[in-house]
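S.K.: Could you have a look at this structure, given as structure tokens, before my questions?
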Amino acid sequence: YWLEQGFNLKEVYSKDRIAAEIERLGQEISAAYAGERLLVVVVLNGAVFFAADLVRALRVPVEMDFVKLSSYAGTETTGTVRVKKDLEQSVAGRHVLVVEDIVDTGLTLTYLLDLLKERGAKSLKVCTLIDKNERRLAEITPDFVGIDCPGGFLVGYGLDLDERMRELSAIYEIIQTPSGGDA
Ligand code: PRP
Ligand code: MN
Ligand code: MG
């Protein structure tokens with residue numbers, strides 16, 4: 001459909017590649033938290049697809065909660081992170097794993113980690129499917145990483161361009177948009 005709309009998309013991470021990385025992450029995370037209960041904090045909206053698959057690859061008991069943060073307009077970060085929907089659970093005394101689809105500048109995560117630390121999380125770690133570190137502005141190193149990515153604007157499997165293309169099962173780089181501009 002998006003191809004018909006004039007988008008030029010190049011598949012960079014296939015559905016199978018994503019599934020394999022999630023299986024590996026599931027094992028790593030389960031080993032790291034053996035014997036513990038985990039509170040998985042999912043960052044809406046992008047991380048929903050990844051988190052849904054990741055928790056099913058875990059072998060430790062989990063609860064999930066959701067926080068909505070946003071900082072992007074089109075392909076550019078605005079630099080200001082806002083809480084659009086807060087968590088419902090208390091994180092005090094909990095082992096918290098923040099799940100992200102992508103860490104780019106790191107501003108979103110820095111903001112969230114500070115907030116969760118302040119609220120008294122017992123431990124705080126981060127799992128991201130994509131670690132895109134060429135534009136990193138904050139000193140953030142995710143604890144569990146699916147795929148290291150050099151750059152490019154990615155869509156699919158939760159990643160969006162102005163809320164579009166999240167539903168794609170694989171991850172694509174946008175080579176060109178219909179207007180002719182590069183993303
Ligand atoms: C995207 C992505 C991460 C964040 C990463 O979310 O899902 O949450 O940006 O960027 P950063 O490291 O430069 O802060 P976005 O704000 O676009 O909201 P969304 O998840 O609803 O798409
Ligand atoms: Mn997001
Ligand atoms: Mg987005």
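S.K.: Just to be sure before I move on: is GLY79 farther than 15 Å from VAL67 by Cβ, without any contact (Cβ under 8 Å) to a residue 40 or more places away in the chain, touching a Lys or Arg at 6+ places or on another chain (Cβ under 9 Å) and of a type outside the set (Asp, Glu) in the structure I sent?
M.R.: Details: farther than 15 Å from VAL67 by Cβ: yes; without any contact (Cβ under 8 Å) to a residue 40 or more places away in the chain: yes; touching a Lys or Arg at 6+ places or on another chain (Cβ under 9 Å): no; of a type outside the set (Asp, Glu): yes.
Spelling it out, it is not the case that GLY79 is farther than 15 Å from VAL67 by Cβ, without any contact (Cβ under 8 Å) to a residue 40 or more places away in the chain, touching a Lys or Arg at 6+ places or on another chain (Cβ under 9 Å) and of a type outside the set (Asp, Glu).
S.K.: Take the conditions loosely packed, with under 15 Cβ neighbours inside 10 Å and near ligand 1 (Cβ under 8 Å from one of its atoms) and apply them to GLU118. Does it pass?
M.R.: Values: loosely packed, with under 15 Cβ neighbours inside 10 Å: yes; near ligand 1 (Cβ under 8 Å from one of its atoms): no.
So GLU118 does not fit the description; no.
S.K.: Let me ask something additional. Among LEU44, LEU9, LEU38, which is in contact with a Gly (Cβ under 9 Å, 6 or more places away or on another chain) and surrounded by 12 or more Cβ atoms within 10 Å (Cβ to Cβ)? Can you show your working first?
M.R.: Values: LEU44 fails: in contact with a Gly (Cβ under 9 Å, 6 or more places away or on another chain); LEU38 fails: in contact with a Gly (Cβ under 9 Å, 6 or more places away or on another chain).
Checking each option against the conditions leaves just LEU9.
S.K.: Looking at (1) surrounded by 19 or more Cβ atoms within 10 Å (Cβ to Cβ); (2) among the small types (Gly, Ala, Ser); (3) in a strand (DSSP E or B), which is the one condition that is false for GLY79?
M.R.: Condition not satisfied by GLY79: (1).
S.K.: Which residues, taken from region 1-23, are assigned to a helix (DSSP H, G or I) and touching a residue at least 40 places away in the same chain (Cβ under 8 Å)?
M.R.: Going residue by residue through region 1-23, those that are assigned to a helix (DSSP H, G or I) are 15-23.
LYS15, ARG17, ILE18, GLU21, ILE22, listed by residue number.
S.K.: Here is a follow-up. Tell me, which residue of region 137-163 that is more than 8 Å from ligand 1 (Cβ to nearest atom) and charged (D, E, K, R) is nearest to LEU54 (Cα to Cα)?
M.R.: ASP143
S.K.: When you go through ARG37, ARG24, ARG59 one by one, which is the residue that is farther than 19 Å from ARG136 by Cα, away from ligand 2 (no atom under 15 Å from the Cβ), in contact with a helix residue (DSSP H, G or I) (Cβ under 7 Å, 6 or more places away or on another chain) and not aliphatic (A, V, I, L, M)? First the steps, then the outcome.
M.R.: On the way: ARG37 fails: in contact with a helix residue (DSSP H, G or I) (Cβ under 7 Å, 6 or more places away or on another chain); ARG24 fails: in contact with a helix residue (DSSP H, G or I) (Cβ under 7 Å, 6 or more places away or on another chain).
Only one candidate passes the filter, namely ARG59.
S.K.: Here is a further query. Tell me, yes or no, whether region 167-181 has at least one residue that is out of contact with any Lys or Arg (no Cβ under 7 Å at 6 or more places or on another chain), modelled with pLDDT of 95 or more and among the charged types (D, E, K, R).
M.R.: yes
S.K.: I would also like to ask the following. VAL62: β-branched (Val, Ile, Thr), in contact with a strand residue (DSSP E or B) (Cβ under 6 Å, 6 or more places away or on another chain) and within 16 Å of ligand 3 (Cβ to nearest atom), yes or no? Steps first, please.
M.R.: Details: β-branched (Val, Ile, Thr): yes; in contact with a strand residue (DSSP E or B) (Cβ under 6 Å, 6 or more places away or on another chain): yes; within 16 Å of ligand 3 (Cβ to nearest atom): no.
It is false that VAL62 is β-branched (Val, Ile, Thr), in contact with a strand residue (DSSP E or B) (Cβ under 6 Å, 6 or more places away or on another chain) and within 16 Å of ligand 3 (Cβ to nearest atom).
S.K.: A follow-up question, please. Of all residues in region 154-183, how many are within 16 Å of ligand 3 (Cβ to nearest atom), assigned to a loop (DSSP other than H, G, I, E, B) and over 14 Å from the mean Cα position of the chain (by Cα)?
M.R.: Pass one, region 154-183, residues within 16 Å of ligand 3 (Cβ to nearest atom): 154-168, 171-174, 177, 183.
Cutting the leftovers down to assigned to a loop (DSSP other than H, G, I, E, B) gives us 157-158, 160, 162-163, 165-168, 177, 183.
Next, from what is left, pick out any that are over 14 Å from the mean Cα position of the chain (by Cα): 162-163, 165, 167-168, 177, 183.
Summing the residues that are within 16 Å of ligand 3 (Cβ to nearest atom), assigned to a loop (DSSP other than H, G, I, E, B) and over 14 Å from the mean Cα position of the chain (by Cα) in region 154-183 gives 7.
S.K.: Is there a residue being more than 16 Å from ligand 3 (Cβ to nearest atom), among the small types (Gly, Ala, Ser) and modelled with pLDDT of 95 or more anywhere in region 141-151?
M.R.: So the first thing to find is which residues in region 141-151 are more than 16 Å from ligand 3 (Cβ to nearest atom), and the list is 141-148, 150-151.
In the following step, the residues that additionally are among the small types (Gly, Ala, Ser) were identified as 146, 151.
Subsequent filtering for residues that are modelled with pLDDT of 95 or more retains 146.
Looking for residues that are more than 16 Å from ligand 3 (Cβ to nearest atom), among the small types (Gly, Ala, Ser) and modelled with pLDDT of 95 or more, one finds at least one in region 141-151, hence yes.
The values are calculated or read from the model by the stated rules, or taken from the named source; none is laboratory data. All values derive from a computational prediction rather than experimental measurement. In this analysis, Cβ positions are derived from the backbone assuming ideal geometry, glycine residues included, and neighbour counts consider all displayed protein chains.
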